[in-house]
Amino acid sequence: MASISERTFIAIKPDGVQRGLVGEIIRRFEQKGFKLVAMKLTHASEDLLREHYIDLKDRPFYDGLVHYMHSGPVVAMVWEGLNVIKTGRVMLGETNPMDSKPGTIRGDLCVQVGRNIIHGSDSLESAEAEINLWFTPEELVEYRSCAHEWIYE
Ligand code: IDP
Ligand code: MG
């Protein structure tokens, strides 16, 4: 059942932060009509990053991926809205920027798969796990968006 309170975990990776793309990426989620529920700039520990990418632990790029994600601060966020997990992935584009269409974040703003500037949860299960991994319940902010009635019928 689609829910307007569905949540996803989005992270701007160290290259996105260093390249000054934080505002541009947040703008896209804001202007779409999704609601920001949590956000922090954080230099994630290797342990957290290894856990975050645990499903990829047997892939040859796993250590490099953890090193890249640990190379600087990331902007960790939770966004809420109808179908936000799937729509968020569409907004991101494909894992490899080379396969990402213009108009998507990866299609517009980056070039190589190992520097693809943004993470987004790919399922309800991964979204829940990632939100719990990166945020405490107190960090998920409760408020009503004044635009709610203008975004949902
Ligand atoms: P996703 O970020 O689109 O969900 P995943 O397959 O979950 O893609 O891979 C996680 C991250 O691992 C990618 O976003 C990218 O940063 C990195 N990655 C994936 N495939 C490669 C690769 O072939 N070489 C280097 N890094 C990769
Ligand atoms: Mg993934």
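Coordinate-derived values only; no laboratory data. Since this is a predicted model, take the numbers as computed values, not measurements. Cβ coordinates were reconstructed from backbone atoms using ideal geometry, including for glycine residues, and neighbour counts include every protein chain displayed.
Quick notes on this one:
- Under-18-angstrom lysine pairs by C-alpha in the chain, whenever the two are 8 or more apart or on separate chains: 5
- Ellipticity estimate at 222 nm from DSSP helix runs (n ≥ 4, -39,500 (n - 2.57)) divided over the chain, nearest 500: -10000 deg cm²/dmol
- Compactness of the stretch 1-152 - radius of gyration and Dmax, Cα, Å: 14.9, 47
- Among the chymotrypsin sites (Phe, Trp or Tyr not before Pro) in the stretch 35-111, those located in a DSSP loop and surrounded by at most 14 other Cβ atoms within 10 Å of their own Cβ are F61.
- Of the GluC sites (Glu not before Pro) found in the stretch 68-148, those in coil by DSSP whose Cβ has at most 12 other Cβ atoms within 10 Å are E142.
- Working ranking of peptides 5-14, 38-47, 102-111 by packing, defined as the average number of other Cβ atoms within 10 Å per residue, highest first, is 5-14, 102-111, 38-47.
- Local electrostatic count, L140, Cβ distance below 13 Å [Lys/Arg +1, Asp/Glu -1]: -3
- For the pair I4 and H67, a Förster radius of 41 Å applied to the C-beta separation gives a FRET efficiency near 0.60, rounded to the nearest 0.05.
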